[in-house]
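Reading through the structure tokens given below for one structure.
The values are calculated or read from the model by the stated rules, or taken from the named source; none is laboratory data. Since the model is a prediction, treat every value here as computed from it, not as a measurement. Glycine also receives a Cβ, built like all others from the backbone with ideal geometry; neighbour counts cover every protein chain displayed.
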Amino acid sequence: MQALSHEDRCELARRIVALLDDWGARAADQVRLLGLPPDTRPRAMKRYREATPLPADARIMERVEHLAGIADALRTANPRNAKAGAFWMNRANHRFDNRTPLATMIEDGLDGVIAVRAHLDCAFDWDLSGSQC
């Protein structure tokens, strides 16, 4: 991800937290999904909804990039229904041992986030597999 201005980083934080809110993730789960330090209190998520950028940590930005990729894939799959993505994220799926995609990401960390993205985004999955033409 390219270097962002402070204002852009604040906007990114607002959008990502709003996305997680839309998916129904509780504040404590948002801390886990974003890979914030374990001592981050759930109430700290309020700051990111307002005017505080997420920490400029490569691991956090990697998760943000994957979460944005998941959101894009959900929008592409359901272009006429903005709520369908949230519904899908909270519905048990056999590919994730009958857990919801959201629970998979929370429980399995970055591996779960990547698994959900690979399931939704065939181009990402293709790259991940190392396939070549």
When restricted to PRO55, PRO37, the only residue more than 19 Å from ASP111 (Cα to Cα), outside any helix (DSSP H, G or I) and free of Cβ contacts under 8 Å to residues at least 40 places away in the same chain is PRO55
In region 70-109, which residues are surrounded by fewer than 18 Cβ atoms within 10 Å (Cβ to Cβ) and assigned to a loop (DSSP other than H, G, I, E, B)?
ASN78, PRO79, ARG80, ASN81, ALA82, LYS83, ASN90, ARG91, ALA92, ASP97, ASN98
Per the filter on region 66-84, residues touching an Asp or Glu at 6+ places or on another chain (Cβ under 9 Å) and farther than 15 Å from VAL113 by Cα are THR76, ALA82, LYS83
Subset of region 77-133 (residues that are modelled with pLDDT of 90 or more and of a type in the set (Phe, Trp, Tyr))
PHE87, TRP88, PHE96
Given (1) among the small types (Gly, Ala, Ser); (2) surrounded by 13 or more Cβ atoms within 10 Å (Cβ to Cβ); (3) over 26 Å from CYS122 (Cβ atoms), number of the condition ALA56 does not satisfy:
(2)
